[in-house]
Amino acid sequence: MGKKQVTAIRVPTKRQEAKWHRQKRIRRMIIIASTIFLVGIISYASYGYYADKIKGLNEKVITVNDASFNMRYYVNMLDAQTKEVEPDSIYQYTNAVAQYIEDAELIRQGAKDLNITVTQEEIEEMIKEQNFPKDQVHQDIVETVLLSQKLLEYFDSQLPDEMLQANTQVMFVESEQVANKVIDLANSGENFTKLVREFSYDNRTKEYDGNLGWLPRELMSPTMAETFNLTTGGISQPIPDNSTNKSVGYWLIKVNEEDPEKGINVSAMLLGSGQEAVEIKTELDAESNFSELAKNYSQHSSKYKGGELGWLKANETNDFSDAFNEVAFQLPVDEVSEPVKDETVNTDGGYWVVKVLDKQQRELDNDVREALKNKRFSEWLDQQRENSTIENKLDGTRMAWAVAEVIKGR
């Protein structure tokens, strides 16, 4: 459980945060649904082994510095945190609950060092308000909530009223080649908003024509923060970013076989930019191995099979776009297609181009202030973790046993 990765760009707007939360919930639901059957097998197979071979509810399973938590505590916390979760999906939360226990204890210990405390009266008042059971885990949950609120207030109090901020407009393009083209156009007087609408493939920022509003350096990644060195109206050089997802990709398609009954047997690779696709196509024209290149460069799940997609039939629904199918079913056997642009897929990596609209010392608005105090709290908690000794014995067997105990107790 290392430090959190800083994303390439932060857009602290409520609309976008709500959208990202919805997307995370959908992904979580998909993951949970796909693991239900496996979890059932693991839970029942491991239950007897753990009960027979390991100490059970009194075994210490998590230690944070000088504080220890036994299996009973973990089972009770897992139960409390998954009350609304279907039994077959509880296993999906086992690691998250373990980290919650660690983080909650780090918060308690760190808050004490800052002389931040909550009273038993405050805890009991919230338990009554929320109609929680008066057991240890719910008291600890409430204490963590109250301490976190006070810590956020503490970090808020450390913020200045004003900070140097930049008002920026950004776009995320597929390659350095496109980034340089966009920069040349913008420097020649082309409207930057028009260029964002035409070339940007980051849906988070494109929705607002790339306008990020006023942000201090602290809410930008180190590479983005370099734009603070630009004067008002200045445009950055291409800023590489291999982590951000974009809504475009380029296929190289090869038909291996053709059969009147089965259709076509296809291999393909999905690449992140037209520039990369052209370079790979050149290698293939020089008789490089399609399968090996797919394994090394493709961003499609078929890369692990060397790009093999199997048999596809014309006029039958498949998982590929019209652009893909139109080329694939016209392609001669053993011939590799030219790059096929596909805006229905997602690929990683590209380049940011940033324009500084204005830069000045200004008061922190509520959204920026909220983002700053949350960031400082998160960094403080990361530092607490880094400076602490943490031992976690919750392997798959123990977690499956804990799930079975939770289900048994309901």
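Here, each number is a calculation from the coordinates, and none is a lab measurement. Model, not experiment: these values are computed from the prediction. Because the Cβ atoms are built from the backbone with ideal geometry, glycine has one as well, and the counts that use them run over all protein chains shown.
Placing +1 on the Cβ of every Lys and Arg and -1 on the Cβ of every Asp and Glu, with nothing else charged, gives the stretch 249-345 a dipole about its Cα centre of roughly 300 debye.
Amide H contacts for SER273 (H built 1.01 Å from N in the peptide plane; partners 5 or more residues away or on another chain; cut-off under 5 Å): TYR250. Based on Cβ point charges of +1 for Lys and Arg and -1 for Asp and Glu, what charge dipole magnitude is obtained for the chain about its Cα centre, in debye rounded to the nearest 20? For the chain, the charge dipole is close to 1000 debye.
The long axis of helix 120-130 is offset from the longest Cα principal axis of the chain by roughly 60 degrees. Per-peptide packing, taken as the mean over residues of other Cβ atoms within 10 Å, places 245-256, 157-168, 212-223 in the sequence 245-256, 212-223, 157-168 from highest down. Pair-distance distribution of the chain: all C-alpha pairs, bin width 10 Å, starting at 0; shares per bin in whole percent are 4, 16, 20, 22, 20, 13, 4, 0. Rounded to the nearest 10 degrees, the angle from helix 71-81 to the longest Cα principal axis of the chain is 60 degrees. Which is farthest toward the positive dipole end of the chain among THR223, MET163, SER200, measuring Cα position about the Cα centre, with Cβ charges +1 (Lys, Arg) and -1 (Asp, Glu)? After comparing all options, I get MET163.
Can you give me the long-range amide H partners of THR117? Hydrogens built in the peptide plane at 1.01 Å from N, cutoff under 5 Å, separation of 5 or more residues or another chain. Residues meeting the amide H criterion: none.
For helix 274-285, what angle does its Cα long axis make with the longest principal axis of the chain, in degrees from 0 to 90 and rounded to 10? Helix 274-285 sits roughly 60 degrees off the main axis of the chain. Comparing mean-square fluctuations of SER267, SER188, SER243 from a GNM of the chain with C-alpha springs under 10 Å, the top value falls on SER188. Quick one: work out Rg over Rh on the C-alpha atoms of the stretch 251-312, Rh as Kirkwood radius. For the stretch 251-312, the value is 0.99. In loop segments of the stretch 346-396 as defined by DSSP, the trypsin sites (Lys or Arg not before Pro) with at most 14 further C-beta atoms inside 10 Å of their C-beta are LYS393.
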